[in-house]
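Have a look at the structure below before the remarks.
What follows is calculated from the coordinates using simple rules that are stated; it is not laboratory data. Quantities reported herein were computed from a predicted structural model and do not represent experimental measurements. Glycine also receives a Cβ, built like all others from the backbone with ideal geometry; neighbour counts cover every protein chain displayed.
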Amino acid sequence: MKSIQVLFTGVALFALLSCGGNDGSNQQQMVVPTAQQQPVQAAPVDSTMAQAQAQDPAQAQAAAAPTAQSLPASITAFIKQRFPNASIVGVEPDYDNGGVEYDVYLNDGTKIDFDANNQWDQVESMKGVPAFFVPKAIANYVRGSYQNLAITKINKEYHGYEIELANGLDLNFDRSGRFLSMDD
């Protein structure tokens, strides 16, 4: 009975607000939702966390509070060796096909993605990707063809490598570093 009263009250308010004082001017109509129209909101679900909990409690704990300490030792050692003056400021695990991939953020602005085998597969840095990530043939090609542009992203792909230059140009190379194509 109470919901019917709320409904009639809402309809009456709507009629009063939309019809009252209509002098032809542009008035906004206001809709007063009834109790029945109020959506029920569920708590947001973090699908990564839900998948982790379903797979393994240890993975769920790592997903709850990913830190440098939750990284595999091989990734931590790689970062310490290759970036001795940088520190890890963020870790994002990605649970995919039963494995865990990591996106690692460093305080110097570098982002390194690691695959499920703990090998890097993508590196991004607006200051330029460190030279040790870029095969020599690719570095030579970029130096010869795009002398003043830094490589800001390198991505290992099935066919070889995709790099992005500071001007946004994407270049594709085969596994031996031979230029294949350009995307803009």
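I want to confirm something. Restricting to region 119-171 and keeping residues that are in a strand (DSSP E or B) and of a type in the set (Phe, Trp, Tyr), which single residue is farthest from Thr76 (Cα to Cα)? If we take residues in region 119-171 being in a strand (DSSP E or B) and of a type in the set (Phe, Trp, Tyr), then Tyr161 is farthest from Thr76 (Cα to Cα).
Restricting attention to region 143-162, report how many residues are of a type in the set (A, V, I, L, M, F, W, C) and within 21 Å of the chain's Cα centre (by Cα).
Of region 143-162, the ones of a type in the set (A, V, I, L, M, F, W, C) are 149-151, 154.
Restricting the remaining residues to those that are within 21 Å of the chain's Cα centre (by Cα) gives 151, 154.
Number of matching residues: 2.
Looking across Asn117, Asn140, Asn172, Asn107, one residue alone is loosely packed, with under 15 Cβ neighbours inside 10 Å, of a type in the set (S, T, N, Q) and more than 21 Å from the chain's Cα centre (by Cα). It is Asn140.
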